[in-house]
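For reference, the structure discussed in these notes is given below.
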Amino acid sequence: MKNLVILGGGTAGTMAANKLRKKLDKVEWQITVVDRHDKHDYQPGYLFIPFGTYKPTDITKSRRKHISDDVPIVYGDIDRVDAEARTVSLTNGTVLPYDQLIIATGVTPRPDQTPGLDDEKAWHSSIFDFYTYEGTTALAKKLASWKGGRLVINIVDMPIKCPVAPLEFAFLADAFFTERGMRDRVELVYVTPLPGAFTKPVASERFGGMLDEKKISLEADFMIERVDPDEQKLVSYDEREIDYDLLVTIPLNMGADYVARSGLGNELNLVPVDKHTLLSRTYDNLWAIGDGNDIPASKAGSVAHFEIDIFVDNFLEHIAGKPMTGSFDGHANCFIETGHGKAMLIDFNYDTEPLPGKFPVPGIGPMSLLKETKINHQGKLAFRWVYWNVLMPGRPMPLAATMSMAGKEVPEP
Amino acid sequence: MPVTTIADHEIHVDDEGFMTVYDEWDEELAKSLAAAIGVEMTDESWRAIRFMREDFKSEGHTPTLRRISTVGGFDTKGLFALFPKKPAKKMAYIAGLPKPAGCV
């Protein structure tokens, strides 16, 4: 019997385990998932918790219940992967041999990588993250009683998970304070290392305009060097300073430390892979899916979803000794909450930036691309059900894995 | 792809002037590129540019500022002093490499 070991049972790992379990012969292949605990969070839900739209209990489910019964889960911390010996060692002494290894342990916010940011007194008191369960629930408590002041949203560096979420946070914060009748007592500042509101020109211009409309000031090209938690200010490498009363940080995102210990990662502990097949550039039986690889796409559940459709077929071809015929194009789409019950939608890939238009049916929709509508917002809320009931079990979605230009409006040059 | 001539070198560039053909670059040309954007080259600047050229050759894409610092061992603050305001972009321009890709 051969062993396929999947490290990480989050969005990508769960989808891969369930899809591959259906395709691989049960006598020939054993599939094992390794994770630290049984809690699987619906990560897109983190964004809504600070504003009271979701309760913490709305987003967490059992990992075990969403992975096929035929796939055992081994709980423990990963110490290292020995890619030559083809084994995974856990810190509790367990050693798992593998024939094929899939790394799906994603990325984590690392406030410890910026001096002053993880200051013990300030952390979850005047400085908050919202990409973790602990951070977002602590921020919800803070905002419930906050009297106002200068709220600074800062992205430390790219790439980050769900790169639109910081903008969504800004838009939702504007709506939240407006609805509580205290917007005039809150100054919102969006501080980013990017040259504008977003990475790609058409979307960046649109989002920049929305920041203006909502009176959220934008501080671009800000590469943060350190935080002074006592003086409550951010300091950039080119010596600009920004004061805050409340800092919402998106810390540096890094892959897992065992990736670095195993010599498998780049400077951010991301595993270098071929961007079309997700196979390691060094080892012929090692793959990295989801956020933990180095492909130049968004680190987002929708990328994991589209890439896994292509990955599964490639994996089956590869273990059968055939050439891989699938090629991932970097396809992603995501809803962007803009506040007051509306949202936008973007759809893009490695080569095509987010453009306006209709989705998924060209000219009809019902979703609109790069435009605020109520239907887009309903789509975002409905997506939580789709995530647990369609994506995680590996059921087919009526969306093509590769991006389509149909329905998109290309701007005049 | 536009072609332009700088310091007697005929080079292929993108809309923003970043070189698109790795082998069209040499250090003579880099001096002119640096002068064109008002950067004065020091020994440390050259070390950083050479690191970027080597790294591009092995990795296939322009290194980020963080990579230049963590892998190349350069002090980020020092790079801001050598290539003021937008070091990643300016260094890529001088090194004759594609503009650093902003991931979506």
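Side notes on the structure shown:
- Scoring A:Ile346 on the criteria (1) hydrophobic (A, V, I, L, M, F, W, C); (2) in a helix (DSSP H, G or I); (3) under 19 Å from the mean Cα position of the chain (by Cα) leaves a single failure, condition (2).
- Residues in the range A:192-205 include none that are away from chain B (no Cβ under 14 Å) and either part of a loop (DSSP other than H, G, I, E, B) or buried (at least 16 other Cβ atoms within 10 Å of the Cβ) (or both).
- Residue among A:Asp157, A:Asp221 that is in contact with a Leu (Cβ under 6 Å, 6 or more places away or on another chain), within 14 Å of another protein chain (Cβ to nearest Cβ) and either farther than 23 Å from A:Ser126 by Cβ or not in a helix (DSSP H, G or I) (or both): A:Asp157
- Selection status of A:Arg86, under 20 Å from A:Met254 (Cα atoms), buried (at least 18 other Cβ atoms within 10 Å of the Cβ) and in contact with a strand residue (DSSP E or B) (Cβ under 9 Å, 6 or more places away or on another chain): no
- Some residue of the range A:316-330 being in contact with a His (Cβ under 9 Å, 6 or more places away or on another chain), away from every other protein chain (no Cβ under 14 Å), closer than 30 Å to A:Trp29 by Cα and among the hydrophobic types (A, V, I, L, M, F, W, C): yes
- The residue that is nearest to the other protein chains (Cβ to nearest Cβ), counting only those in the range A:125-154 that are assigned to a strand (DSSP E or B) and surrounded by fewer than 19 Cβ atoms within 10 Å (Cβ to Cβ), is A:Arg150.
- Scanning the range A:242-267 for residues that are touching a residue at least 60 places away in the same chain (Cβ under 8 Å) and of a type in the set (A, V, I, L, M, F, W, C) turns up A:Ile242, A:Leu246, A:Leu247, A:Val248, A:Ile250, A:Leu252, A:Met254, A:Ala256, A:Val259, A:Leu264.
- Looking only at the range B:29-40, residues that are free of Cβ contacts under 8 Å to residues at least 24 places away in the same chain and surrounded by 12 or more Cβ atoms within 10 Å (Cβ to Cβ) come to 1 in all.
- Condition broken by B:Leu97, with the remaining ones in (1) touching a Ser or Thr at 6+ places or on another chain (Cβ under 7 Å); (2) under 21 Å from B:Ile6 (Cβ atoms); (3) within 14 Å of another protein chain (Cβ to nearest Cβ) satisfied: (3)
- Test: residue in the range A:334-352 that is within 14 Å of chain B (Cβ to nearest Cβ), touching a Pro at 6+ places or on another chain (Cβ under 9 Å), under 30 Å from A:Arg64 (Cβ atoms) and not aromatic (Phe, Trp, Tyr): yes
- Put simply, of A:Lys22, A:Lys26 the only residue that is in a loop (DSSP other than H, G, I, E, B), over 25 Å from A:Leu264 (Cβ atoms) and in contact (Cβ under 8 Å) with a residue 24 or more places away in the chain is A:Lys26.
- Among the residues making up the range B:48-94, those that are within 12 Å of chain A (Cβ to nearest Cβ), part of a helix (DSSP H, G or I) and aliphatic (A, V, I, L, M) are B:Leu65, B:Ile68, B:Leu79, B:Ala81, B:Leu82, B:Ala88.
- Among (1) under 13 Å from A:Val156 (Cβ atoms); (2) surrounded by 18 or more Cβ atoms within 10 Å (Cβ to Cβ); (3) within 14 Å of chain B (Cβ to nearest Cβ), the one test that A:Leu247 misses: (3)
- Considering (1) crowded, with 19+ Cβ neighbours inside 10 Å; (2) farther than 27 Å from A:Pro201 by Cβ; (3) modelled with pLDDT under 95, the lone condition that B:Phe51 does not fulfil carries the number (3).
The values are calculated or read from the model by the stated rules, or taken from the named source; none is laboratory data. What you are looking at is a predicted structure, and each value in this text was computed from that prediction instead of being measured. Virtual Cβ from ideal backbone geometry, glycine too; neighbours counted across all protein chains shown.
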